[in-house]
Structures are given as C-alpha cells and as structure tokens.
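> So that we are looking at the same thing, I have put the structure below in structure tokens.
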Amino acid sequence: MKVIIGYLIGINIIGLIIMKIDKKRAKQNKWRIPEQRIWLISLLGGSLGTIFGMNYYRHKTNHIQFRIGLPLIFVVQMIGLMWIYR
C-alpha cells in the first residue's frame, strides 16, 4: 500500500510539473511538451496533479478536451480505487 501511495504522489507531482513547464515554454514560444504525454501522465495516475496544474497555471483551460477529459479520468480512477479497496 505504501508503494502505491508513493507512486501516486510522485506521478501527480510529475503531472503538476509538466503543466508548469509546458505553460512556461508556451509563453516563450519554445518546444512544447506533446499533449499525448500530458494525457499519458494523467492516465498513469497523475490526473489530479495535471488538473491542479491546469487550473493553477491557467494552462490548457480553453481546451474542452482537457477541461472535461482530465476530471473524467480522475473520477474513473477514483471509482477504480474504491472498487479495488472495498
């Protein structure tokens, strides 16, 4: 259980950081983090971190697929965790 909690903390920190880095690069017109990578981090358990980063850094908030998709992934993940640990 400790390993799973540690993993989830780490992957969510990564999700938060990639949103920060991508926002900074967007402002500087530099190479960006591919959206597929953001989705992958979210699907691997980092959805809460990417949601927090999206809102905190105001990044990707105009993209409907991110505004709806990331919270949807989070809800599905929470339902899955509740089902596993019932």
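The values are calculated or read from the model by the stated rules, or taken from the named source; none is laboratory data. For clarity, every value in this text was computed on a predicted model and none was experimentally measured. Cβ coordinates were reconstructed from backbone atoms using ideal geometry, including for glycine residues, and neighbour counts include every protein chain displayed.
> When both residues are 6+ apart or on different chains and their Cβ atoms are under 7 Å apart, which pairs have a first residue that lies in region 60-74 and is on the phi > 0 side of the Ramachandran plot and surrounded by 13 or more Cβ atoms within 10 Å (Cβ to Cβ), and a second that is among the aromatic types (Phe, Trp, Tyr) and at pLDDT 95 or above?
60/66
> Read through the list (1) closer than 21 Å to residue 4 by Cβ; (2) surrounded by fewer than 13 Cβ atoms within 10 Å (Cβ to Cβ), then give the number of the only condition that residue 31 fails.
Just one mismatch for residue 31, condition (1).
> Oh, and also: Please specify each residue of region 9-35 satisfying the condition of being in contact (Cβ under 8 Å) with a residue 12 or more places away in the chain, over 17 Å from residue 66 (Cβ atoms) and either in contact with a Leu (Cβ under 8 Å, 6 or more places away or on another chain) or aromatic (Phe, Trp, Tyr) (or both).
Matches in region 9-35: 11 only.
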